[in-house]
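Only one structure is covered here, and it is reproduced in the block below.
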Amino acid sequence: MKSLDIAIAGAGPGGLAAALFLSRAGHRVRLVERFDRPQPVGSGLMLQPTGLAALQALGLYPAMRQLGAPIDRLVGTDAKSGRTVLEVGYGPLGPGVQALGVHRSALFGVLHDAASAAKLPIRSGFTVTQLQRDQGKSWLLSPQGLEGPFDLVVDALGAQSPLKPSAQAPGRMRPLEYGAIWGTTPWTDAGFDRHALTQRYRASSVMIGVLPIGRTAPDGPDLAAFFWSLKPADHAAVVQRGFAAWRHTVEAHWPAVAPHLNALGGFDQMTLARYQHHTLPVPAGDGIAFIGDSAHSTSPQLGQGANMALLDAAALTAALDATDTLDEALERYATMRRLHVRLYQLLSLTLTPFYQSDSALMPMLRDLLVGSVARVPPMPRLLASMVAGQLLSPLKAIGLDPLRLREVP
Ligand SMILES: Cc1cc2nc3c(=O)[nH]c(=O)nc-3n(C[C@H](O)[C@H](O)[C@H](O)COP(=O)(O)OP(=O)(O)OC[C@H]3O[C@@H](n4cnc5c(N)ncnc54)[C@H](O)[C@@H]3O)c2cc1C
């Protein structure tokens, strides 16, 4: 398609990746972001082989690999019995297949540096409130003024986007009962595998996790993301009881996390994350494409959100490339992503209560299945594919090459 004027609303992972993919495809892009200085929010996340393939397509995998922590497996044990209740390794997917634990600011920095090097225009301090359409063109409205005209707006504003249709139908946004408090701590090897996401559970009402997330600068110290599952409704009461009381509870479940709690030192070093679940039936409309969390958000139990945002950005660019009109491109984009997004949204919604809920039955079932069926072929490979984001071959649908680690310089 001819080159378009494209506004990208939101400079998170999805928006920055879309700006890079689209500008490299010859489109004129303009990013807008509410923060005065674009900045990442939160602690760590896992980049799966799918998201890493998208970064590799942008030539950014080596920079990300330099900062991130390679993850070979996800393990979880029951705090009381010591039984393994989560065990998924990337090994069955082939030699060298791994995820990467990264600090959010490392992912943000790699994408943002590439956008700055490409001199992509970013208007910061611009809080999008509305989209206006007139004669086939779009304008973004904000209390800070107006941006436009654009041929296409890419909504990468995250789960609370004011532009997505569900903003007019809030019932579609389902807040999840459990969220978590997250903090960043120095990495410690004592009691932890530096190539694993390690979790500890008590039924499914207690979940504690330690994820290696590498560094925020090549010569910086190694870090971990620490999280504790919590109902947002209980957060104020937990804070009121005090850090020492909470710490006592956490350590009773998992004494090895004491160094992480020491390093955190107080609740002011931890961020409450609320999770909500929604999926747009069609991630596109008149002159607008929705990518990332604005199109689909969920609990991070399966660790797919940022990866799906990167895939959406690649898919939208491929769809524009392969079609002659904007309407055709948006339809193609929606089709390319439909099955993968729906499957992973369904899996996240179904699996989350096995790890975060008050149910007594679900964790019992979980423990039974993980200890038996999950170990019998082909289950280990199927589970690895699921966690890697590779079910339904999303890369093939978009035309992205899988990351071949041996070819990476
Ligand atoms: C605690 C936690 C752990 C997670 N762990 C993982 C994981 O392990 N793996 C994984 O893949 N995903 C994980 N996720 C999900 C992942 O963080 C999101 O899916 C991902 O950040 C979505 O990217 P995005 O670019 O679509 O949206 P966002 O990251 O939400 O970015 C949106 C951007 O838009 C800006 N913005 C918002 N509103 C406005 C406005 N009105 N005007 C202007 N700018 C605006 C924001 O400032 C931000 O820069 C996790 C999420 C949480 C909360």
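Brief remarks on what is shown
- For segment 116-188, alpha-carbon Rg relative to the globular expectation (2.2 N^0.38 Å, N residues): 1.54
- Cα-derived Rg over Rh, computed across segment 179-301 with Rh taken as Kirkwood radius: 1.05
- Cα-based convex hull, segment 286-409, per residue volume (Å³, whole number): 130 Å³
- Its relative contact order, with pairs defined as Cα atoms under 8 Å and 6+ residues apart, puts segment 276-409 at 25 percent.
- Gain upon complete extension [Arg274, Asp222; 0.36 nm per residue less C-alpha separation]: 16.1 nm
- Residues Asn262 and Asp401, FRET efficiency given R0 of 30 Å [Cβ-Cβ distance, rounded to 0.05]: 0.10
- Centre-to-centre separation between the Cα atoms of segment 276-290 and those of segment 204-226: 32 Å.
- Global form of the chain, assessed from the alpha-carbon gyration tensor, a/c cut-off 1.5: prolate
- Working from label points 7 Å from Cα in the Cα-to-Cβ sense, the Leu369 to Ala117 distance is 4.3 nm.
- Relative contact order computed over segment 73-214 (Cα-Cα under 8 Å; 6+ residues apart), in percent: 27 percent
- Segment 340-388: C-alpha gyration tensor shape, a/c 1.5 cut-off, then a/b vs b/c: oblate
- When peptides 300-308, 269-277, 386-394, 366-374 are sorted by average Cβ neighbour count within 10 Å, with the highest value leading, the order is 300-308, 386-394, 269-277, 366-374.
- DSSP bridge orientation in the chain - percent antiparallel, rounded to nearest 5: 70 percent
- Sorting the Cα pairs of segment 57-171 by distance into bins of 5 Å, from 0 upward, gives 2, 8, 11, 12, 13, 12, 11, 11, 8, 6, 3, 1, 0, 0 percent per bin.
- Loop-located trypsin sites (Lys or Arg not before Pro) in segment 99-135, at most 16 other Cβ atoms within 10 Å (DSSP): Lys119
- Segment Ala190-Gln240, extension gain: residue separation times 0.36 nm, minus the distance between their alpha carbons: 14.9 nm
- Dividing the convex hull volume of the alpha-carbon atoms in segment 53-109 by its residue count gives 103 Å³ per residue.
- Gained length - Asp134 relative to Ser3, 0.36 nm times residue gap less alpha-carbon distance: 45.2 nm
- For segment 157-246: rounded, prolate or oblate by the Cα gyration tensor [a/c cutoff 1.5]: oblate
- Expressed in units of 2.2 N^0.38 Å, where N is the residue count, the Cα radius of gyration of segment 14-117 is 1.32.
- Cα radius of gyration and Dmax for segment 248-287 (Å): 19.2, 54
- Förster radius 41 Å - calculated FRET efficiency between Ala233 and Val376, Cβ distance, rounded to 0.05: 0.55
- Between Leu391 and Arg34, the distance separating the two model label sites (each 7 Å from Cα on the Cα→Cβ line) works out to 3.2 nm.
- Relative to one another, the C-alpha centroids of segment 376-390 and segment 68-118 are positioned 15 Å apart.
Where a number appears in this text, it was derived from the coordinates with a stated rule and is not lab data. Computed from a prediction, not measured in an experiment: that's the story for all the values here. No Cβ is skipped: glycine too gets one built from the backbone with ideal geometry, and neighbour counts run over all protein chains shown.
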